[in-house]
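Colleague: My questions all concern the structure below.
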Ligand code: ASP
């Protein structure tokens, strides 16, 4: 059995939904289809999820939410009319409109993007609809509660086909609760684990995970194979094709994840699995983020966690020296760094980018790390810190933000 999840761009309009239909129906093993809300149809377009959040904000403030709601409603009705399934969603749209007027929560509002799309696609495919509010149980912090897997298994029958909305479940108070943005990937992974799928296909608009962000460098290329651990590090460090929290359920159940392109279904895509032979390919990718600050603290000053929290800062990671420790935080843009330096008796460096190179070959010997540093130096990149050995599969370094793209380009050329 295959669980497949289609992201927002794959279900953004009727033409895209027809492509997903061809994909799903070309293999009878594709039994469970998890869908996102309609995403952008082009660069200037708006995502339905963003519109739903905006609409809820207006409704909650007692303002006129109808202009935004009419845009949302218009998009669903347009898709439904082309696919000939208007009756499947018109009364559902009325219910959601009423909930906005009654000032529904942001989580409820956002979840309707997936809910309405799954209702519509289920009707178009002729598959059964499963509401995730009935089977996905989430804790206070949005963690997946263990009973979820038994509930999904009990609700599904291997001889039937289903369409499922991603992104939400039911929270401890009995109300709808969403995952963080991009969370439909997690729903797909939950279903894959619960039904013991042979593979979890994650369909998007690129032919797999790239070794480096193609928007930054032309040296990036699709990765054929990456391990769960490497993928989690890539996602944490900024590669945002696949949600980092979506790895765990599939990994627990030993299910391979195949990232594929709805617009080029014959491309092999990327396989994420437990192991790979790294003798020829020690490094798999480079990813990073701008907007970091480094806070250098004397170890004798004691624990800084609470004092930094008072400034709205939480450590992303730290580098320990003998007498000092460097704490890296993401810069919210609202901190008075001069005041923080004098209040806490620390020194700060802002405007940093953090870049991570990932690959299980890094852990075996320092050859790759040495090559990376040499190439960065030869390219004139001012490396401010380099952390090797903290993780078996990654090396993380920081550079001035202005040199971020150059650093990624140089490292990508080594992979
Ligand atoms: N629609 C949600 C978002 O835009 C969740 C998802 O697409 O995975 O974040």
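Where a number appears in this text, it was derived from the coordinates with a stated rule and is not lab data. Just so it is clear, the structure is predicted and the values come from calculations on it, not from any experiment. Neighbour counts run over all protein chains shown; Cβ positions are idealised from the backbone, glycine included.
Colleague: Which of rounded, prolate or oblate describes the chain when judged by the alpha-carbon gyration tensor and an a/c cut-off of 1.5?
Modeller: prolate
Colleague: Right, something else. With each run of n ≥ 4 DSSP H residues scored as -39500 (n - 2.57), what mean residue ellipticity at 222 nm is computed for the chain after dividing by its residue count and rounding to the nearest 500 deg cm²/dmol? It would help to have the intermediate numbers written out before the result.
Modeller: Details: 13 runs with 149 residues, N = 415.
So the calculated ellipticity at 222 nm is -11000 deg cm²/dmol.
Colleague: Using mean Cβ contacts within 10 Å as the protection proxy, how do 141-153, 192-204 order, highest first? Walk me through the numbers before you get to the answer.
Modeller: On the way: 141-153: 15.3, 192-204: 23.2.
Listed from highest to lowest mean packing, they are 192-204, 141-153.
Colleague: Quote the relative contact order of the chain in percent (integer), defining contacts as alpha-carbon pairs under 8 Å separated by 6+ residues. Walk me through the intermediate numbers first.
Modeller: Working: 862 pairs, mean separation 55.3, N = 415.
Value for the chain: 13 percent.
Colleague: For helix 228-237, what angle does its Cα long axis make with the longest principal axis of the chain, in degrees from 0 to 90 and rounded to 10?
Modeller: The angle comes out near 80 degrees.
Colleague: Further question: Would you mind calculating the relative contact order of the range 51-181 from Cα pairs under 8 angstrom and at least 6 residues apart, reporting the percent as a whole number?
Modeller: Numbers: 175 pairs, mean separation 31.6, N = 131.
Once divided by the residue count of the range 51-181, the mean separation gives 24 percent.
Colleague: Follow-up question, since we're still on this one. Please give the FRET efficiency for residue 45 paired with residue 274, using the beta carbon to beta carbon distance and R0 = 30 Å, rounded to the nearest 0.05. Each step should come with its number before you reach the end.
Modeller: Values: r = 38 Å, r/R0 = 1.26.
It comes to 0.20.
Colleague: Nearest 0.05, what FRET efficiency do residue 29 and residue 342 give at R0 = 56 Å with Cβ-Cβ as r? Don't skip to the answer; put the middle values down first.
Modeller: Working: r = 63 Å, r/R0 = 1.13.
Result of the calculation: an efficiency of 0.30.
Colleague: Within 10 Å, count the other beta carbons around each residue, average over each peptide in 212-225, 303-316, and list them highest first.
Modeller: 212-225, 303-316
Colleague: When the chain is treated as a GNM, springs tying every alpha-carbon pair under 10 Å, which of 350, 49, 20 comes out with the largest mean-square fluctuation?
Modeller: It is 350.
Colleague: Checking a compactness column here: for the range 7-73, what do you get for Rg(Cα) / (2.2 N^0.38 Å), N being the number of residues?
Modeller: On the way: Rg = 15.2 Å, N = 67, 2.2 N^0.38 = 10.9 Å.
In units of the globular-protein estimate, the range 7-73 measures up at 1.40.
Colleague: With a point put 7 Å past each Cα toward its Cβ, work out how far residue 60 is from residue 221 in nm, to one decimal.
Modeller: A separation of 4.7 nm, rounded to one decimal place.
Colleague: OK, next. Between residue 21 and residue 375, how high is the FRET efficiency from 1/(1 + (r/R0)^6) when r is the Cβ-Cβ distance and R₀ = 41 Å? Nearest 0.05. Don't skip to the end; give the middle numbers.
Modeller: Working: r = 46 Å, r/R0 = 1.13.
The pair residue 21/residue 375 has a calculated efficiency of 0.35.
Colleague: Nearest 10 degrees is fine. How inclined is helix 14-25 to the longest principal axis of the chain, computing both from alpha carbons?
Modeller: With both axes taken from Cα atoms, the answer is about 90 degrees.
Colleague: Now for a separate question. Taking 7 Å along the Cα-to-C-beta vector as the label spot, tell me the residue 78-residue 264 distance in nanometres, rounded to one decimal.
Modeller: The two pseudo-label positions are separated by 2.7 nm.
Colleague: For the range 101-257, what is the relative contact order in percent, using Cα pairs closer than 8 Å and at least 6 residues apart in sequence? If you can, show how the numbers build up before the last one.
Modeller: Details: 226 pairs, mean separation 32.6, N = 157.
Taking the mean separation of contacting Cα pairs over the length of the range 101-257, I get 21 percent.
Colleague: Now for a different question. Helix 184-194: angle to the longest alpha-carbon principal axis of the chain, degrees 0 to 90, nearest 10?
Modeller: 80 degrees
Colleague: Go through 36-45, 405-414 and give me the packing order, highest mean Cβ count within 10 Å leading. Don't jump to the answer; show the numbers that get you there.
Modeller: Working: 36-45: 17.7, 405-414: 21.0.
Top to bottom by mean Cβ count within 10 Å: 405-414, 36-45.
Colleague: Between residue 402 and residue 323, with labels modelled 7 Å along Cα→Cβ, what's the label distance in nm to one decimal, could you check?
Modeller: In this crude spin-label approximation the distance works out to 3.1 nm.
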